[in-house]
1. Taking the Cα centroid of the stretch 70-89 and of the stretch 39-59, what is the distance between the two, rounded to the nearest whole Å?
2. Suppose every Lys and Arg Cβ carries +1 and every Asp and Glu Cβ carries -1, with no other charges. What dipole size does the chain come out with about its Cα centre, to the nearest 20 debye?
3. What ranking do 199-211, 118-130 get when scored by the average of other Cβ atoms within 10 Å per residue, highest first?
4. Can you list the lysines whose alpha carbon sits under 27 Å from that of Lys4, skipping same-chain ones fewer than 8 residues off?
5. Please give the FRET efficiency for Asn144 paired with Ala26, using the beta carbon to beta carbon distance and R0 = 41 Å, rounded to the nearest 0.05.
6. Highest first, please rank the peptides 12-24, 215-227 by the mean number of other Cβ atoms sitting within 10 Å of their residues.
7. Any number yet on Rg/Rh for the chain, C-alpha, Kirkwood?
8. Among Ile162, Ile198, Ile180, which one shows the highest mean-square fluctuation when the chain is modelled as a Gaussian network with alpha-carbon springs under 10 Å?
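FYI, it's all coordinate maths here, none of it is from the lab. Note that the structure is predicted; figures quoted are calculated from it, not measured. Because the Cβ atoms are built from the backbone with ideal geometry, glycine has one as well, and the counts that use them run over all protein chains shown.
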Amino acid sequence: QQQKEVLEEEFTAEQTAFNNLLNRDAMMTVDVVSEMEIPQEDPFYSNDALSLNPELLKYDKLYESVAQSELLNQRESLPMIGFGLDYLPVTERSDVNFSDNGKDVLMPMVSVSIPIFNNRYKSISRQNELRQQEIETQREQRLNVLESAFAKAQSQRNQARIAYNTQARNLKQAKDAEEILVKNYETVTIDFNDVLDIQELQLKFQINQIESVKTYYVQSTIINYLIK
């Protein structure tokens with residue numbers, strides 16, 4: 001009874017924490033399913049699914065940004081040719097007399113820009129190259145961490161299934177033993193405490209099964225986090 005009341009208090013505390021995460025009333029009821037079971041088959045995910053992880057996509061975007069910066073740097077290092085028109089309004093003069101007096105001037109113009117300090121652009125290119133190498137290294141390191149976490153989560157999820165199945169077999173054997181003990185008790189050949197002991201053992205197996213189910217879904221959540 002004490003353990004039950006303690007668990008109820010823990011549930012209330014967890015419910016408050018959960019509601020606070022959702023920015024809603026702390027005493028709002030959180031509906032939970034009455035029973036959860038491990039599915040017959042696990043969904044299959046390969047390591048390729050990790051490529052969709054936002055942490056890796058961040059490095060891809062950074063690499064692309066540096067690539068665009070280098071493209072701009074390369075363009076700026078090239079000679080540039082510009083074409084344009086220069087318009088000059090002219091006021092007619094009364095003190096002189098010539099054929100184009102007062103005629104506005106329209107002058108075509110050509111400009112050529114040749115970069116002189118090429119070392120500056122080469123330096124920027126080298127910096128961009130090193131930055132891309134750094135991003136690639138960081139991405140590779142992060143991918144290794146994610147792959148390790150992914151493999152660990154899959155392994156622990158598989159272990160949870162193994163533990164659940166083991167407890168199921170143990171529970172069946174305990175129930176078979178209980179039937180035998182009850183029959184023996186009816187013939188007054190055993191003490192009733194033996195029946196209570198086997199029922200307590202069944203309860204232990206059932207609690208272990210619940211822990212296995214919890215572990216299974218916690219690890220499944222980690223897997224979903226890593227690949228989405």
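1. Computed from Cα coordinates, the inter-centre distance equals 47 Å.
2. 1060
3. My ranking of the peptides, most packed first, is 199-211, 118-130.
4. Of all the lysines, those that pass the test against Lys4 - Cα under 27 Å, at least 8 places apart if same chain - are Lys172, Lys175, Lys204, Lys214.
5. It comes out at approximately 0.50.
6. On the way: 12-24: 11.3, 215-227: 16.5.
Highest-to-lowest ranking by the protection proxy: 215-227, 12-24.
7. My calculation puts Rg/Rh at 1.45.
8. Evaluated over the chain, the most mobile residue of the options is Ile180.
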